[in-house]
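Each remark here refers to the structure printed beneath this line.
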Amino acid sequence: MGNARTAGVLALQGDVPEHLGVLRRLLGSDRAILVDSPKNLEGLQALVLPGGESTTLSELLDATDLRNPIKARARQGMSILATCAGLILIAQRVERSPGGRDPVPMRLLDVTVRRNDYGRQPESFETPLEIDGMEGRAFEASFIRAPRITRTGKSVEILARFDGAPVLVRQANVWGLTFHPELSGDDRLHRSFLRSAGLL
């Protein structure tokens, strides 16, 4: 795709259809694409890294040769929206899990994260969040095996907290969320992200 007015969803594993559906509602089907190889990044202005299984996603980034091109494009200014497992992928550091395989972080966002820190699948929950700069009602956020942000760098802006911990952060063109906005039925976060990327 040579269209610089295009957004994509990393289509390796996880909540791909849900994010793609939101992007296509907001941008139109011709401006929202699936990304599963480096050539799909050409001309892309924004990329969503969805939730899923972070170690599997990390391995698939290497198997598809997407890791370094995504890092390069993000450092050139491509906007990134990373949710849940996607946040783990872009973190500066992932705290090691006892006895488990850990993903290799891309170090695009200056945060440290701890995997599954809000509980396993049975402990999933929804909660209203007050988000800086978002008008209207609180945003209903879904936390599913969510990571916790345990440290933020000085250049990281915290836009929302839950129980004292950051859950929505931004560093220049890179956004990180511990929850799943694509499951809320509320497009405001995606809309804000696309607007910041110059797509709306």
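The values are calculated or read from the model by the stated rules, or taken from the named source; none is laboratory data. Only a predicted model underlies this, so the values are computations on that prediction, with no experimental measurement involved. As a convention, Cβ positions derive from the backbone with ideal geometry for all residues, glycine included, and neighbour counts pool all protein chains shown.
Observations on the structure shown:
- Note on region 171-200: residues that are in contact with a His (Cβ under 8 Å, 6 or more places away or on another chain) and acidic (Asp, Glu) total 1.
- Among the candidates Leu47, Leu60, residue that is closer than 21 Å to Pro147 by Cα, out of contact with any helix residue (DSSP H, G or I) (no Cβ under 9 Å at 6 or more places or on another chain) and of a type outside the set (Ser, Thr, Tyr): Leu60
- Residue match in region 183-200 (condition: in contact with a helix residue (DSSP H, G or I) (Cβ under 9 Å, 6 or more places away or on another chain) and of a type in the set (Gly, Ala, Ser)): no
- Among the conditions (1) touching a strand residue (DSSP E or B) at 6+ places or on another chain (Cβ under 8 Å); (2) modelled with pLDDT of 95 or more; (3) over 21 Å from Phe179 (Cα atoms); (4) among the aliphatic types (A, V, I, L, M), the only one that Ala4 does not satisfy is (2).
- Region 14-56: number of residues that are at pLDDT 95 or above and either among the hydrophobic types (A, V, I, L, M, F, W, C) or under 11 Å from Gly86 (Cβ atoms) (or both): 18
- Matching residues in region 145-183 - criterion: being more than 17 Å from Ala197 (Cα to Cα) and of a type in the set (Gly, Ala, Ser): Ala146, Gly153, Ser155, Ala160, Gly164, Ala165
- Filtered residue count, region 114-148, keeping only those that are without any contact (Cβ under 8 Å) to a residue 40 or more places away in the chain and farther than 16 Å from Leu189 by Cβ: 11
- Where a residue in region 183-196 is among the acidic types (Asp, Glu) and its partner, wherever it lies, is modelled with pLDDT of 95 or more and surrounded by fewer than 18 Cβ atoms within 10 Å (Cβ to Cβ), with Cβ under 9 Å and at least six apart: Asp186/Arg137; Asp186/Glu140; Asp187/Arg25
- Yes/no for Arg120 being at pLDDT below 95, more than 30 Å from Gln76 (Cβ to Cβ) and in contact with a Gly (Cβ under 8 Å, 6 or more places away or on another chain): no
- Meets criteria (buried (at least 18 other Cβ atoms within 10 Å of the Cβ), in a loop (DSSP other than H, G, I, E, B) and within 13 Å of the chain's Cα centre (by Cα)) for Met134: no
- Boolean, Asp110 is acidic (Asp, Glu) and either buried (at least 20 other Cβ atoms within 10 Å of the Cβ) or over 15 Å from the mean Cα position of the chain (by Cα) (or both): no
- Subset of region 147-200 that is in a loop (DSSP other than H, G, I, E, B), more than 14 Å from the chain's Cα centre (by Cα) and among the polar types (S, T, N, Q) - its residue that is nearest to Arg93 (Cα to Cα): Ser155
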